[in-house]
Each structure stands twice: as structure tokens, then as C-alpha cells.
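Enquirer: Please see the structure below; I have some questions.
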Amino acid sequence: MKNSINHIYLIILLSILSSVAPMGVDTYLPSIPDIAKSFDVSIHKVELSLSIFLIGFSIGQIFGGPISDRYGRKKSSVFGLLGYGIFSFIIIFSTSIYELWVYRFFEAFFGGIVVVNAAAAVRDRFHGAEAAKVFSLIGMVRSLAPLLAPAIGAFIIHFFHWEAIFIFLTLYAFIVAFFVYKDLPESYTYSKQNIIESYKIVLKHKIAIKAMLALGFSFGGFFIIIAKTSFIYIEHFKIQTDYFPFFFGINFIILISMIKVNVSLLKKFNPVELVKIAILIQTAAGILFVFNYENIGLVTIVILIAIYMSMMAFIFGNCMALALEHFPKNAGVASGVIGVLQFGLGAIISSIALSFHNETFLPIALSISVISFFAYLIMRTYKNV
């Protein structure tokens, strides 16, 4: 019984470590209009801070991988959390949107160091379909973050100024750092290795890279939806900020349900096939969006977005397991590469798509359709070894 409790607690702890990105992004979403007013800039300029966050997050993982493989999962997690907390606090002193961009970049950079360790710790302990199940379970627990974070952000914005959100993120990081230091068991035994050679091993593995690229493209579409939720619900449909978490949260309630379905399906089906089907469904949802963007109603857009986002339940955990399975001695570096492609490629793709912003939904619909189609083409050539 004790082992079962420890196992559950370990998954919860790793899930919280993985939640640094969604907490940093989703708590922040309801404050976007207020920040735009505070700095007297357009909504679009504040939305760009989301892409900057993702770029910083991905670069942090480049450095976080070798740090994790050298100093272990526990020490590097605590180091990253402390840096994340410090820069979250510094953000409240921003005097311009450009200053906020810089601080958000470094906040995300340290967050990237943190998240590498969660994925690497799973690879240290689990393999194959079991790893895919654990990644899915972590995804299910982690999905509570984007479900709760907008509600927390909306609550804070209702009573306080936007700076209070970053005070919350500071406290969040320091509290998590305490529990990681206290309870996270070290799972990695250091073996001397050349950092450059480690990256070469990972980057030359064509099969693993395909899973990573598919994940990166899928997250590009995911980030576009996340970044545009304020525009869709608050700006276009005039939903009050207090009700925004409800519309945002629907997606993650369904996502959690689909993660449970994925865990069950893994008992009978290959993870590769589940990923392919999920990406095809995303593509279909995007195409329906394209053909209905002019007169689309609130209910229809809620359904299409929920379908698109819920398919990430079959993509994230399975692609992570498929990619990391090949690197028992370089899990930290491999996690870093996954992070760069997942968040860096996702940020670049979403930034390009966001640059075509207008007052219609067409850029959003076209972007997610094309991105999902490319992700499918990549996974279509994936072969198990």
C-alpha cells in the first residue's frame, strides 16, 4: 500500500513540475486586456509575450537537459524553480511592455530547466507502453493547471491589479521548490559524457526526431488556440472576464477525459496509431473551422476548439514516450530537445500565425489546419523499431 501511495505522490509531484508552463501562461491570460491598458499598447503586443515566454521556455530546456544529466533531476529542478520564482517577482516592477517581455523570457528560461527534469525522471523509471501511460497520467493531473489557472487569474484580476498574478506565480514556484527538495527522490546516476556528443546522439536519431517534430507542430496549433482565447471569447463574443475560465476550462475537462481514454486504449492499440488518428481529427476540426469562420456561433466554436484541444490527450504522452524510449543514458538532453521542438517550434509557428491577425477567425482556422496536416505527414512515415 505504501508503494502505491508513493507512486501516486511521485506522479503528482512530477505533474506539478510539468505544470510550470501552463501555470505561467494560463494564469496570465485573463490579465492580457488589463496589461494592454496599463502599458497603453495593443492586445496583440501583449499576446506576443506568450510567444516570447515559449521561446524562453524552449531555450531553457537546451541548457536544462545537460544540467539535469550532470547534477541530477532534483538539484536542477530546485535551481530552475528558484530562478522562475525570482523573475516572476521582478516582472511586477516592469515599466513598459518591452521590459515585461525581457523578464518573461528569463522567467520562462528557468521554467524550461524545471520541466526537463519531469520528463527525464519518467524515462529513468518507466519504459515503452508503461512510460506512455505514466506520461498520460501526468498529463491528466497537469491538465488541472490550465483548468484552474485561468480561474485563479480571473479571481486575482477581479480583486487586484495584474501584478498580483506574478506574486502568485512567485509563491507557487517557491512552494513547489520546497516540496521537490524535501520529497523528490533522485532517479539518475551520473555517468561522464560529452554534452555535444549527447546532443549529436539525440539529433541523429531519425525515428525519435519524427515523434518530436510531430509533437512540436501539434503544440504550434495548440498554442495558437491558447493565445487567441482572449480574442475569441472576450474581444469577439464579449464574454465577461469573470466567465472566461468557464469557456477555457471546458476544453481541459474534456482533455482530462480523453487522457483516461488514451490510457485505456494503450492496452490494445499502438501509440503511433493513436497519434495519427488524433492528428487527423485535429485536421478535420480545423477544416470545418475554415469553411464556417464567417458566421460561426459561440456554441460551434466552443465545440470545434474542444475537439481540437482534446486530441492533445492522444498526442502528448504517446509522442513523449516514443521519443524518449531511445535514450536511456541521455534522457535529460533528449527531454531538452523535445522541449525545444515542442515549445520553440510551437512558439515560432504560433508567432507567424499570430502576425496575420485580423478581426476574423480565418487566420486561426487556416493555421491550425495546415499545422495539423504537416504533423500528420510526419507521423505517417514513422516506423517502430
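Enquirer: Mind listing just one residue for me: the one in region 3-46 that is free of Cβ contacts under 8 Å to residues at least 60 places away in the same chain and of a type in the set (Gly, Ala, Ser) and, of those, farthest from Phe57 (Cα to Cα)?
Expert: Residue satisfying both the conditions and the ranking: Ser4.
Enquirer: Next up: Return yes when Lys238 is without any contact (Cβ under 8 Å) to a residue 24 or more places away in the chain and either under 24 Å from the mean Cα position of the chain (by Cα) or farther than 22 Å from Phe79 by Cα (or both) and no when it is not. Show your work before the answer.
Expert: Working: without any contact (Cβ under 8 Å) to a residue 24 or more places away in the chain: yes; either under 24 Å from the mean Cα position of the chain (by Cα) or farther than 22 Å from Phe79 by Cα (or both): yes.
Taking the combined requirement at face value, the residue satisfies it.
Enquirer: Something else now. Every residue in region 236-250 that is under 17 Å from Ala365 (Cα atoms) and either touching a Lys or Arg at 6+ places or on another chain (Cβ under 6 Å) or in a helix (DSSP H, G or I) (or both), please.
Expert: The one that is under 17 Å from Ala365 (Cα atoms) and either touching a Lys or Arg at 6+ places or on another chain (Cβ under 6 Å) or in a helix (DSSP H, G or I) (or both): His236.
Enquirer: Anything in region 16-50 that is under 12 Å from the mean Cα position of the chain (by Cα) and not in a loop (DSSP other than H, G, I, E, B)? List them, or say none.
Expert: We begin by selecting, within region 16-50, every residue under 12 Å from the mean Cα position of the chain (by Cα); these are 17-26, 50.
Selection gives Leu17, Ser18, Val20, Ala21, Pro22, Met23, Gly24, Val25, Asp26, Leu50.
Enquirer: Also, quick follow-up: Being in contact (Cβ under 8 Å) with a residue 12 or more places away in the chain, in contact with a helix residue (DSSP H, G or I) (Cβ under 7 Å, 6 or more places away or on another chain), surrounded by 19 or more Cβ atoms within 10 Å (Cβ to Cβ) and more than 23 Å from Gly346 (Cα to Cα) narrows it down to one residue among Ser51, Ser76, Ser58, Ser88; which is it?
Expert: Values: Ser51 fails: more than 23 Å from Gly346 (Cα to Cα); Ser58 fails: more than 23 Å from Gly346 (Cα to Cα); Ser88 fails: more than 23 Å from Gly346 (Cα to Cα).
The match here is Ser76.
Enquirer: Assigned to a helix (DSSP H, G or I), at pLDDT 80 or above and surrounded by fewer than 15 Cβ atoms within 10 Å (Cβ to Cβ) - does that describe any residue in region 209-221?
Expert: No, there is no match, as no residue in region 209-221 is assigned to a helix (DSSP H, G or I), at pLDDT 80 or above and surrounded by fewer than 15 Cβ atoms within 10 Å (Cβ to Cβ).
Enquirer: Then there's this: Could you tell me which of the residues Phe237, Phe217 is of a type outside the set (A, V, I, L, M) and closer than 25 Å to Leu322 by Cα?
Expert: Residue meeting the stated conditions: Phe217.
Enquirer: Okay, moving on. Give the number of residues within region 151-173 that are farther than 12 Å from Thr27 by Cβ, among the aromatic types (Phe, Trp, Tyr) and not in a helix (DSSP H, G or I).
Expert: Matching residues across region 151-173 total 1.
Enquirer: Something else: Going through Ile349, Ile307, Ile303 one at a time, which residue ends up being in a helix (DSSP H, G or I), without any contact (Cβ under 8 Å) to a residue 12 or more places away in the chain and within 26 Å of Ile254 (Cα to Cα)?
Expert: When all the criteria are applied, what remains is Ile303.
Enquirer: Would you be able to say whether some residue in region 255-275 is assigned to a helix (DSSP H, G or I), modelled with pLDDT of 90 or more, charged (D, E, K, R) and within 19 Å of Gly346 (Cα to Cα)?
Expert: no
Enquirer: Let me ask another. Read through the list (1) surrounded by fewer than 20 Cβ atoms within 10 Å (Cβ to Cβ); (2) at pLDDT below 85, then give the number of the only condition that Glu163 fails.
Expert: (2)
Enquirer: Here is a list: Ala365, Ala313, Ala323. Which entry is assigned to a helix (DSSP H, G or I), surrounded by fewer than 24 Cβ atoms within 10 Å (Cβ to Cβ) and in contact (Cβ under 8 Å) with a residue 40 or more places away in the chain?
Expert: Every option except Ala365 fails the conditions.
The values are calculated or read from the model by the stated rules, or taken from the named source; none is laboratory data. All of these numbers come straight from a predicted model, not from anything done at the bench. Cβ sites come from the backbone with ideal geometry, for glycine too, and all protein chains shown count toward neighbours.
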